[in-house]
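What follows is calculated from the coordinates using simple rules that are stated; it is not laboratory data. None of the values given here were measured: they were computed from a predicted structure. Note that each Cβ is placed from the backbone with ideal geometry, even for glycine, and that neighbours are counted across all protein chains shown.
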Amino acid sequence: MGYSNRRTVLDIRNRIKVILEQHGVSEPETIDNILLVFFQTFSGQMIYIPKQFEKSYRNEQIRQEFTGANIPSLAQKYKLSSRRIREILLDK
């Protein structure tokens with residue numbers, strides 16, 4: 001494994017660790033097991049993650065959190081205008 005690949009693996013592991021710790025999981029074995037499953041599943045494959053993925057995920061979260069009367073709070077939470085929140089909600 002070249003330097004660049006080792007660096008990518010470490011970056012992925014560190015990012016997973018931060019996310020899990022934010023959700024109350026701090027056991028190193030858990031982090032390593034998740035990473036192991038990830039690499040066993042995708043080893044040797046090229047994985048393309050489009051830049052639009054994050055936006056699509058955000059939009060889905062907005063739709064799930066919408067209660068019918070919370071557009072202003074969603075706009076503030078996601079740093080979007082109320083108009084953009086309405087557009088996201090209408091674009092199903």
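Side notes on the structure shown:
- Global form of region 3-42, assessed from the alpha-carbon gyration tensor, a/c cut-off 1.5: oblate
- Scanning the chain for long hydrophobic helices, with DSSP H runs required to stretch 15 angstrom or more by C-alpha along their axis and to average at least 0.0 on the Kyte-Doolittle scale, returns 28-42.
- Sequence-separation-based contact order of the chain, relative, with Cα cut under 8 Å and 6+ spacing, percent: 16 percent
- A simple charge model with +1 on the Cβ of Lys and Arg, -1 on the Cβ of Asp and Glu and nothing else charged puts the dipole of the chain at about 540 debye relative to its Cα centre.
- Structure-derived mean projected area of the Cα convex hull in nm² - corresponding label in [x] 10.2; [y] 17.3; [z] 8.3: [z]
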